[in-house]
Amino acid sequence: MGRKRSLDNILSSEYVSISELVELSGARYSTIKYYTEEAMIPFEQEDTRLTRRYPRELALKRLEEIRVMKEEEGLTIKQIIEKLNGHGD
């Protein structure tokens, strides 16, 4: 990847990289990667070889929703995925 963007640039961007999402959310890289692979976090990718781009506001909101369901509601990842897909309560 190119030069690291400043926090001001990241916060004003509509889309962010996974490393920028890590910086903004405080979540671990591996956690965000796993959530992405399980289709729990929205992203765009024009081709399989290109970097995934996350819609900043929506991805941060989704990470917070997952955190609440996991930590405060005590749901498992499987239950969270079902709830996010509209198959839960």
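The values are calculated or read from the model by the stated rules, or taken from the named source; none is laboratory data. Only a predicted model underlies this, so the values are computations on that prediction, with no experimental measurement involved. All accessible areas refer to the heavy atoms of the entire protein, side chains included, with ligands and DNA or RNA removed. Shrake-Rupley method; radii C 1.70, N 1.55, O 1.52, S 1.80 Å.
Please state the relative contact order of the chain as a whole percent: Cα pairs under 8 Å, 6+ residues apart?
Dividing the mean separation by the residue count of the chain yields 25 percent.
How much of the accessible area of the chain, in percent, comes from carbon and sulfur atoms when a 1.4 Å probe is used?
Ligands and nucleic acids excluded, carbon and sulfur reach 47 percent.
Tell me what the chain gives for mean residue ellipticity at 222 nm when only DSSP H runs of n ≥ 4 count, each as -39,500 (n - 2.57), the sum divided by the residue total, rounded to 500 deg cm²/dmol.
Calculated from helices alone, the mean residue ellipticity at 222 nm is -13500 deg cm²/dmol.
Check the chain and count each lysine pair with an alpha-carbon distance under 18 angstrom, considering only pairs eight or more places apart or from different chains.
7
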